[in-house]
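The values are calculated or read from the model by the stated rules, or taken from the named source; none is laboratory data. From a predicted model like this one, the values you see are computed outputs, not experimental measurements. The accessibility values were calculated without ligands, DNA or RNA, using every heavy atom of the protein model including side chains. Shrake-Rupley method; radii C 1.70, N 1.55, O 1.52, S 1.80 Å.
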Amino acid sequence: MNRLVPLAAAVAALALATAVPAQEYKEGQDYFKLPVPVETRNPDKIEVVEVFSYGCIHCYELEPGLNAWLVAQGDDVDFHRVPMATRNLRTLAQAFFTAQAMDVLPQVHMSLFENIHDYGIDMTRPQLIRRMFVKEAGVDEEEFARIFDSFAINTRVRQADAQTRLYRVQGTPTLIVDGRYLVDTVSAGTARRMLAVVGQLIDVERAARAKAAEDGTGDQSASPPSS
C-alpha cells in the first residue's frame, strides 16, 4: 500500500474492520442483488468497486478501515474506486481521474478529503484543485490544466456516471461485489459492517469458483444466503 493511510492508522483500522463477529448476512437485508449484473473489468478475479465521493464524510471516515481491509485481501480480489459523477460532483470526479492520469493519486487522495472535511475548503473549484496538486504532488500547472479539461477525462467522468447508474447506487459509500451485489450503509448499518458483508460475499464467490473449477462446469454463479 502507499501513503493513502498511515501505517499506525492502518493497523488500528484493520483490527476494527475484522472485529465484527462472524454471522450469516442475508440478501435483501444486509445487501442487495443487482437485478441486472454489470460486467467486471477482469472476470478472472472477484471485483470490489467502491463508489465514493470526496464530498462524502462517510467515505472519508471509511478510508482507514477500507485501506487496511484491502491489505488482508488475496490476489484474487480486484479492487478499484469509481467516483460519483452527478452534476454537482462532476468536478471532484475530474480531480480523481486527473490524479490517476498524472499518476499522483497517492499524493492527493487523502488531501482532497482533508481539505473538504477538515478545513472546509470548497474543492469543487478547479483552481483550488490545481493549487493542491501543485503543492502536494509537484505537478506542472499547464499539464494539469491540459489533462483536467481533456476529452479523455471528460469521457471517464461520463463513463463513471453511467456505471454508477447501472449499479443503481443511491448514495455513498457503496461497495459493489463482482458486479452483482450492492452493499451500503443503509443495508449494512455501519461502514465497518459493510466490509464484513463484502467479506462474506467474496468468500461465497471464491467457493463458487472453486466448485466450478472442480466440476469443470465453468459456471461461477454464486448463491449467497437469502432471507
Inset, instruction - Report, ordered by chain and residue number, the lysines lying within cross-link reach of Lys33, taken as a straight Cα distance under 24 Å and ignoring same-chain residues fewer than 8 apart. - result: Lys45, Lys211
Inset, instruction - Please list His80, His109, His58, His117 in order of solvent-accessible area, largest first, computed with a 1.4 Å probe with all protein chains present. - result: His58, His117, His80, His109
Inset, instruction - Just subtract the alpha-carbon distance of Asp103 and Asn88 from 0.36 nm times their residue separation and send over the number in nm, one decimal. - result: 2.9 nm
Inset, instruction - Starting from the Cα gyration tensor of the chain, take the square roots of the eigenvalues, sort them a ≥ b ≥ c, and report rounded, prolate or oblate (rounded when a/c is under 1.5, otherwise prolate if a/b is larger than b/c, else oblate). - result: prolate
Legend entry - Most mobile listed residue (Gly199, Gly189, Gly216) in the chain, GNM with C-alpha springs under 10 Å: Gly216
Inset, instruction - State the antiparallel share, in %, of DSSP beta bridges confined to the chain, rounding to the nearest 5. - result: 55
Inset, instruction - Subtract the Cα-Cα distance of Glu214 and Arg146 from 0.36 nm times their separation in residues, and report this length gain in nm to one decimal. - result: 19.4 nm
Inset, instruction - Would you kindly find the accessible area of Val204, with a 1.4 Å probe and non-protein molecules such as ligands, DNA and RNA excluded, rounding to the nearest 10 Å²? - result: 30
